[in-house]
1. Give just the number: which of (1) assigned to a strand (DSSP E or B); (2) under 31 Å from the mean Cα position of the chain (by Cα); (3) surrounded by 15 or more Cβ atoms within 10 Å (Cβ to Cβ) does K144 not satisfy?
2. Out of the residues in region 285-305 meeting the condition of being closer than 13 Å to G374 by Cα and of a type in the set (V, I, T), tell me which one is least open to solvent (accessible area, probe 1.4 Å).
3. When region 211-257 is examined, which residues are found to be within 30 Å of Q542 (Cβ to Cβ), open to solvent by 40 Å² or more (accessible area, probe 1.4 Å) and among the small types (G, A, S)?
4. Can you tell me which residues in region 521-532 are over 16 Å from G563 (Cα atoms), open to solvent by 30 Å² or more (accessible area, probe 1.4 Å) and part of a strand (DSSP E or B)?
5. Given the conditions (1) within 30 Å of V252 (Cβ to Cβ); (2) open to solvent by 70 Å² or more (accessible area, probe 1.4 Å), report the number of the one that R193 does not fulfil.
6. How many residues does region 271-284 contain that are surrounded by 14 or more Cβ atoms within 10 Å (Cβ to Cβ) and either touching a helix residue (DSSP H, G or I) at 6+ places or on another chain (Cβ under 7 Å) or not hydroxyl-bearing (S, T, Y) (or both)?
7. Check off (1) among the β-branched types (V, I, T); (2) in contact with a strand residue (DSSP E or B) (Cβ under 6 Å, 6 or more places away or on another chain); (3) at pLDDT 90 or above for T210 and give me the number that stays unchecked.
8. Only one of D158, D162 is within 31 Å of the chain's Cα centre (by Cα), acidic (D, E) and modelled with pLDDT under 95; which?
Amino acid sequence: MKLQKFPIKSFAVPVLLAAMLGAGAGSAAESPVPWHIHEAEVRIPLTASFEEALNQMPPDVYLADLNPVETEGLSFDPVTKNAVTRDANTPEQKAKIIADRQQWCKERGQEYKPDFYQPNWQAASGSATFALKPEYKWFSFWSKGSMKVSIDGQVIHDGGADPRRAFALPPDGKLLKIEGTGRWISLAGFITRSPAVASATLYLPGSDPTSLIPIVHRLSGEQVGCRILWAYPGEPMSILFDCSSGEKQYMVYLLDRSKNPTRLDWVPKAGLLQESRYLDRYDPAVETVEGYEKLWNSAGFIAGKRDPRIDLEGHGRESVIFSGFLPFRPLFEDWPYYFDITCQVPLTLTRYTGFFHVPATRKYHFFFMALRGGYLLVDNQLVTALCYDDASAIRTMGGNAHKEFEVVLEKGLHQLDFCQYGSGGQIYASLCWRQPINGIPHDRQEWRDVVVFGSGTAVWEPMAKAAAGAMAHRTKKPFASFTWRYANLEWAGRYPARDIIRHSFTGILSEERPNAVFRWRFDDGHRAEGETYDHCFFSPGQRQVQLDVLDGAGGKVIASATGNVHVQMYWLQPMTHQTMGHQGPQLSNGPISARAAEFASGTPIEEVVSLWCWSLRDETIGCKEAISSALAPFVPSLKAVLNFWRS
């Protein structure tokens, strides 16, 4: 017989929408910003940060394409856009180096090539002054060295270690001067447009994010475009909104979806978004792009949707569009065995949609690789298809199928869709591109070293990030809310229903109360105090969390927030399954032993079973003894469960 699943107990705490959505920065009467949507009960302030996005954007106007007002030694190459450097070797030294290299090649029977000569580049130095125009919003450049930047004699940057710099320009500025010495200076120029899209994460404890529609306004009252990136019960809502005006302060209002609030017709044309969908059977129709689209639209299970750009860090983001395992996001946390999950995903569809600026109309080279198959579309037009069984596919690099091809792209913004299909919940894929110089590399590492738009810029049109402030409510009384984040996977393996996962919680109160006490209550019977608190869950799923805020130690409750938190493990490489088995040689003595020692009499027996199962594999005597002592009161129940399972 199968082991019976014991349900996790939950608190039956009815919460109205206002209380469910929790804390605020103050009431409408206290806020200097008018309430733009009167039917909205809650709103959240958003503050956009442009710095990271600007550091990934190439200039719209390069210094190399402008005539300087004045220059003293510092100039820029109109082809490379870099500051001009010179070879410090004299003609005699250069001739001797070439002759020695030619002799070395002759002795070894090799052909000498001109690029074998490596110049002794001298650092660019001097100064150059340029006239500013009203459309210039930021000045940016990359350098290795000490470069000073001033506007109308006022220094705005006096050098520093950070190689990438972007500075806001005053609207009444007249002249910009850049001076100093740098081993190299590149991507120097003016950015004329703000990042067009910003992303934000909203924590809504006690409310179902799928039942709400976010509406974003500028502080002046003008509505801007907004779209939901991800909404799922018990998880933070991710949104994208229009920040192309350059303003940094916004308000997002949350309205009931059933009331059909009016939204602007807006498409976020920036960033890279990934979505995965599962089907319950393999359909050969996926092997045509038309069939892929039909199956995509009919797929009933969305495994996840996110911005995966962080996965590209350290992988030569100048040329790599994507490389790695497509994410596998299980929602089957109550299934007992990991491989049962993968067997239940006979067909996975994954789509990467991104927007990027092409600097010039020309021919570009692409490299496309996948395990099973996929499609590449530019501006919704099919460019190439790849199938492992296709005779035109080259099978190298570990047996993966790949193609190398050329595409003519016009200058400007383009949409790229990178579609993949396969089984088992994931596929390995790679998509790279490069400018048509020196032929096409045949080794994937060479692709990663190729510069597309200049060293350091991102392939994708960058998105700004917006931080969410404390939630505001139309009433004047204080409200509580909380945020949460995945903190650590203490113990996980083949059995998703037994994962031990730690989350970090932060309590929020809508008004200043220096003596406030934050009291936590979890659905496993555990209680704790503290404005921030880390809690170990001994099984995944929709777990209920309650926060009570007291006016002082031993005082009365002045605000509460209750809601579900979806606790689960996120696998990125399920086939190799790096999390199979525990995450270290032993269970964490601190949080897990502490949790075990504080087991309440109402703790669900399944929670106890999880800890008991994992403790049998622990290598630390002290931790094992602490857990054994904590589990002693549950021995009769454990024996009953064990006997039931053996029967």
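The values are calculated or read from the model by the stated rules, or taken from the named source; none is laboratory data. None of these values were measured; they are calculated from a predicted model. Glycine also receives a Cβ, built like all others from the backbone with ideal geometry; neighbour counts cover every protein chain displayed. Surface accessibility is based on the protein's heavy atoms, side chains included, excluding ligands, DNA and RNA. Shrake-Rupley method; radii C 1.70, N 1.55, O 1.52, S 1.80 Å.
1. With (1) assigned to a strand (DSSP E or B); (2) under 31 Å from the mean Cα position of the chain (by Cα); (3) surrounded by 15 or more Cβ atoms within 10 Å (Cβ to Cβ) applied to K144, the lone miss is (3).
2. V286
3. S211
4. Of the residues in region 521-532, the ones over 16 Å from G563 (Cα atoms) are 528-532.
Now narrow it down to the ones that are open to solvent by 30 Å² or more (accessible area, probe 1.4 Å): 529, 531-532.
Within region 521-532, E529, T532 qualify.
5. All conditions are met except number (2).
6. Count: 8.
7. (2)
8. Values: D158 fails: within 31 Å of the chain's Cα centre (by Cα).
Every option except D162 fails the conditions.
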